[in-house]
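J.: Sharing a structure below in structure tokens format, with a few things to ask.
None of the figures in this text is laboratory data; all of them are computed from the coordinates on show. Fair warning: this is a prediction, and the values are worked out from it, not measured in the lab. FYI the Cβ positions are ideal-geometry reconstructions off the backbone, even for glycines, and counts take in every protein chain you see.
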Amino acid sequence: MILLGFSTATLAQAPLDLPSSFVIEADKASYADIADLVVISPLIVDVTVRKVRKLPTEQAAGVPTSLERVLVEADVMALIRGEGGITPRVRFLLDIPKNAKGKIPKIEKQRMYLFGRQVAGRPGEVQLARPNALALFSANNDALVRAITKEAVQVNAARRIASVSSAFHSAGTVLGEGETQIFVKTDNDQPLSLTILSRPGQQKIWAVSTAEVIDASATAPQRFTLLWYRLACGLPRALPADRVEGASKADTARAQADYSFVIESLGPCGRNR
């Protein structure tokens, strides 16, 4: 895995007449929008567009009339993520939305991030992870891309949540005391559990553990980290009653209330795309 540093100094870019659904803007990116692309992209490259060439109709079969398929050549400013390096110049196909006049904006000289993968056996060719897997360069976007990538490449990086597998609530010895444990299934069966503690006269607290044995020193995740993103964007909004094991109606209700407390504490996912 390669993470290269570079100066963030750059010329101011002219605003593009493109919807934010197509490219993440320089000054309005959310953590979730960037993370959505980082976690699915084995290649992340900071580039400056050098040349854009419209493709003939026969090479753009199936492209909606609202889009223009082009071949983009770009100079690599930095390789953020990728195995085996990257060529100094890359090429990629892009379907650009047309404006009201049927024209596409000029993106030459624009600095942006590409999220995708290298095409096997074709050095310098990049396939975008999604048709809109682009983000304009800015100091804010640079910080987000690098911070999220640094977490995502770790061996124990938080993984995509598949479902809530089970939960149970244990009442305490005094009124108002109790503990709820919720076990979460991830796409690679990484251990993940939530613990919510209630004590009379004290504020309810919760923590997340990523170990096989629940860590007594675990805490709630810091906002705008990869673990926070996985939880805030991946957990269902409510705890299904059938996931609460061997509980009375009262205990099920407590477990569901504790789960709602976690969701409220995490706050909105913040995904805009």
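J.: Calculate for the chain the 222 nm mean residue ellipticity that helices alone would give, adding -39,500 (n - 2.57) per DSSP H run of length 4 or more and normalising by residue count, nearest 500 deg cm²/dmol. Each step should come with its number before you reach the end.
T.: On the way: 4 runs with 49 residues, N = 273.
Result for the chain, helices only: -5500 deg cm²/dmol.
J.: Further question: If you take every residue apart from Leu197 with its C-beta less than 13 Å away from the C-beta of Leu197, what net charge results, scoring Lys and Arg +1 and Asp and Glu -1? Mind showing how you got there, number by number?
T.: Details: positive: Arg199, Lys204, Arg254; negative: Glu177, Glu179, Asp258.
Spelling it out: positives minus negatives among the neighbours equals 0.
J.: Let me know the charge dipole size of the stretch 34-111 about its Cα centre in debye, to the nearest 20, where only the beta-carbon of Lys, Arg (+1) and Asp, Glu (-1) is charged. Mind showing how you got there, number by number?
T.: Working: 14 positive and 9 negative charges, 93 e Å.
My answer is approximately 440 debye.
J.: In addition: Treat every Asp and Glu Cβ in the chain as -1 and every Lys and Arg Cβ as +1, leave all other atoms uncharged, and give the resulting dipole magnitude about the Cα centre to the nearest 20 debye. Display every interim value, and only then the final one.
T.: Details: 33 positive and 27 negative charges, 220 e Å.
So the dipole magnitude of the chain works out to roughly 1060 debye.
J.: If the limit is 31 Å between Cα atoms, which of Lys101/Lys150; Lys54/Lys150; Lys28/Lys101; Lys103/Lys150; Lys109/Lys150; Lys98/Lys185 go over it?
T.: Values: Lys101/Lys150 42 Å; Lys54/Lys150 36 Å; Lys28/Lys101 26 Å; Lys103/Lys150 38 Å; Lys109/Lys150 27 Å; Lys98/Lys185 42 Å.
In this structure, Lys101/Lys150; Lys54/Lys150; Lys103/Lys150; Lys98/Lys185 exceed 31 Å between Cα atoms.
J.: So I have (1) 114; (2) 141; (3) 171, and one of them is volume of the Cα convex hull per residue in Å³ calculated from this model. Which one is it?
T.: The listed entry that was calculated here is (3).
J.: In the stretch 76-203, with Lys and Arg counted as +1 and Asp and Glu as -1 at Cβ, which of these residues, Pro88, Leu128, Thr186, has the Cα nearest the positive end of the dipole, that is, farthest along it?
T.: Looking along the dipole axis, the top candidate is Pro88.
J.: For the ranges 212-223, 237-248, what's the packing order if you count other beta-carbon atoms within 10 Å of each residue, average per peptide, and put the highest first?
T.: Values: 212-223: 12.0, 237-248: 13.9.
Going from most to least packed, we get 237-248, 212-223.
J.: How far is it, in nm, from the label point at Arg89 to the one at Ala238 when both lie 7 Å from their Cα along the line to the Cβ?
T.: 5.8
J.: Additional query: Using the Cα centre of the chain as origin and beta-carbon charges of +1 (Lys, Arg) and -1 (Asp, Glu), tell me which of Pro200, Val49, Ala241 is placed farthest towards the positive end of the dipole.
T.: Selected residue: Val49.
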